[in-house]
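K.L.:
First the structure, then my questions, so here it is.
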């Protein structure tokens, strides 16, 4: 709700409060009493006997309108008005006690009706059919009780005979009900409208409606009562017209006007009391019919208005939605498309209509049942394609499915994802290169050893040869040693070359025990010097691995060295490394290296495998990233299990399949 | 004179063996150790020779060995070798008094030059150590009175000062001084002072 509307609403509430103060308006009471007495006098037609019971009695309608519209606190005014009317209009001759009795019955009765209506949550604005039903029911029933009480009071005071009770009660009831039915709703509805400053609009149509009522009534006034009653149904036509055109508001006005006209007509025609009663009964039927018809029209109009505004709202939402929205029939043909859809597909909505969705979306599954969302490509009118995300919703209209497709252009997102992927790949490449560089450096270090030895041997050989003593045994020995060192250098170079290969090198069967032994060998000195306890826990049924021995040895060596480093640096009391190997499904072996060190900090663990994140001062031979890539090239996995206190690196590796040849 | 001994410390057996062979052929005596720890277990201040140590070894590194030798006041000259140039490590090892810093694979001429330099330093150190031993032997032959005279002469005091301090005649001081110089094997007072100071050094 926009703020302006909220402030209007609040100010209107304020007005309401000021307009209906808790104090009783003296002017209102005075006006009410005067009008009541006047109306009573005006409607004092065809009184039945000397008891002033008339077939059209609008004053109770005025009383109810006062109580329902302005509040029950005006109830005492009813007593005054009724008493005054009894004295001035009806029983000028009656004694004071009788006047008070009659006035009390009337005022009390109408107040009771108002109380019952208020208690029943009756809305005096007649907001719904329920309000009208409630009003008609309570007023009809209440009036019978009042009529019976009033007539019985007269019987009790001896003014009427028992035999006249039923007739008089009916007469009284008809007069009151029709008086209330034509007056109260009119006053409540139009009084509230007048209070809001709404003036009735007199249009040509309204004039025509009034003229048609007047014409029928004129006709009635000129005819014999019997003929006139036969033509009464003609009054239904203008009232149906009014009710349908102007709803309940129009109906109340039309009915009051008809009633007034009818009274004038029968007075002019000089009908007998019995005929007037007949006409009033017809009028009652007209009133109830007109009121309900008017209420139906009002409700229908209100519903249509609500529907229209919600549809307008929905249309605005759909029109301004950034995503393309299309409605589809059960054949998946477009029935409606919004502006975003026009832009996305590069076609006018007119051109989109009746187009099958499969022409707009490439590779659409033939059966969309159950599909909620999918990624696809949209085909534009210029045959270009866009990456899109399509979501579906469906509903049943007249038993046939109708689909709503929401199509989102994901070009930007796809581009971003593409960029991210590229950056990832770039990063991966960079890391791989960095890993390779570090690997190369480590291997160069290793390569230097045999080269140093070989060069020293060769220099020694030079000197030995210079002695010119071919029998010297150290000559041959040194040559062997030289060759051995050159061989060793060669094997390191081979290893380096294997390292750059993307597939694992030549695989061979490797016993886990041997692998662990070789990986540990270069670390033995440090392990002993720092008092680290290393335990190998290799299950008896672990099959031999089928791996590139050199590479996996390096990986395991690297992981164990990480553990050693962690323990050396840590202040742990217990320095232990457990290398556990067990069978893993399917057809693999799991090797876990667990240490009692401080574990891996969460911040580092995140990127441990992505970059050379390390707490070591000296460079390592192998990063975990490259270790992982080696393991993955073998079809295995390498990960950090952080469930233990220290660090636990776990890898899975392919093993010899059962039943496979061990040859 | 006995051949100079070179202590080769390297974790790589082939490197140890080849360097030992080469140095033996160049006339050095060699002893090999597989690690700094093994060397430290045996070394003592009595030893003479040259230390040729690999910088990077599993366990104790070459730099750590240098530091440990300094802590033990063992003054053998140290030549550091490593697999690839690390300037920061080189700087540290020079600061700690390394004779030279050699990169693997080792250039023979550089190796021999470094060894020669180390030999010179070590010979001097040995000579100095030897002189000290000789001086201590000569000092032992002096009488207490002669020691008193010597201390004061080395402290730069004149005969008259010494005579008044010890309450003897100048003539007696001169007789003692002549006897001290004869026992210490020097002809001039300046030589006497130099020998005593360097011997203490």
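What follows draws every value from the coordinates through simple rules; no lab data is involved. No experiment lies behind these values; they were computed from the predicted model shown. FYI the Cβ positions are ideal-geometry reconstructions off the backbone, even for glycines, and counts take in every protein chain you see.
K.L.:
Quick one: Kirkwood hydrodynamic radius for the range A:324-399, alpha-carbon pairs, angstrom, one decimal?
P.N.:
Every distinct Cα pair counted, the radius reaches 12.7 Å.
K.L.:
Peptide A:523-532: average number of partner chain Cβ atoms within 10 Å per residue?
P.N.:
Going residue by residue through A:523-532 and averaging, the value is 2.
K.L.:
Among B:102, B:136, B:76, which one shows the highest mean-square fluctuation when chain B is modelled as a Gaussian network with alpha-carbon springs under 10 Å?
P.N.:
For chain B, modelled as a Gaussian network with Cα springs under 10 Å, the answer is B:136.
K.L.:
Quick check: convex hull over the Cα atoms of the range B:1-49, volume per residue in Å³, rounded to an integer?
P.N.:
Taking the convex hull of the Cα positions in the range B:1-49, it is 55 Å³ per residue.
K.L.:
Please state the relative contact order of the range B:141-200 as a whole percent: Cα pairs under 8 Å, 6+ residues apart?
P.N.:
Relative contact order comes out at 35 percent.
K.L.:
Can you tell me which of B:82, B:92, B:30 moves the most in a GNM of chain B? Springs connect C-alpha atoms under 10 Å apart.
P.N.:
B:92
K.L.:
Mind checking the full-extension length gain between residue A:395 and residue A:166? Use 0.36 nm per residue of separation minus the Cα-Cα distance, one decimal, nm.
P.N.:
76.4 nm
K.L.:
Binned at 5 Å from 0, what are the whole-percent values of the Cα-Cα distance distribution for the range B:141-200, short to long?
P.N.:
Values per bin, smallest distances first: 4, 20, 34, 27, 12, 3, 0.
K.L.:
Principal axis extents for chain A, Cα atoms only, whole Å, descending order, please.
P.N.:
So the extents along the principal axes, rounded to whole Å, are 171, 64, 51.
K.L.:
Calculate the mean, over all residues of peptide B:9-20, of how many other protein chain Cβ atoms lie within 10 angstrom of the residue's Cβ.
P.N.:
Mean partner-chain Cβ count within 10 Å for B:9-20: 6.
K.L.:
Bin by bin, in steps of 10 Å, what percent of the Cα pairs in the range B:100-152 do you find, going until the bin that has the longest distance?
P.N.:
21, 26, 19, 15, 12, 7, 0
K.L.:
What whole-number value in cubic angstrom gives the convex hull volume per residue for the C-alpha atoms of the range A:201-320?
P.N.:
93
K.L.:
Across every pair of different alpha-carbon atoms, what Kirkwood hydrodynamic radius in Å does the range A:508-654 reach?
P.N.:
Every distinct Cα pair counted, the radius reaches 15.3 Å.
K.L.:
Counting DSSP beta bridges with both partners in the protein assembly as shown, what percentage is antiparallel, nearest 5?
P.N.:
The answer is about 70 percent antiparallel.
K.L.:
For the range B:5-131, what is one quarter of the convex hull surface built on the Cα atoms, given in nm²?
P.N.:
If I average the Cα hull's projected area over directions, I get 7.1 nm².
K.L.:
What span do the alpha-carbon atoms of the range A:24-199 cover on each of the three principal axes, reported in whole Å from largest to smallest?
P.N.:
48, 33, 26
K.L.:
Here's another thing I want to ask about it. When all alpha-carbon pairs of the range A:122-269 are counted, what percent fall beyond 28 Å?
P.N.:
Everything past 28 Å amounts to 33 percent.
K.L.:
If packing is taken as the mean number of other Cβ atoms within 10 Å per residue, what is the order of B:6-17, A:527-538, A:338-349, A:56-67, highest first?
P.N.:
Sorting B:6-17, A:527-538, A:338-349, A:56-67 by mean packing, highest first, produces A:56-67, B:6-17, A:338-349, A:527-538.
K.L.:
For peptide B:40-47, what's the mean number of Cβ atoms from other chains within 10 Å of each residue's Cβ?
P.N.:
Counting Cβ atoms of other protein chains within 10 Å of each residue's Cβ and averaging gives 0.
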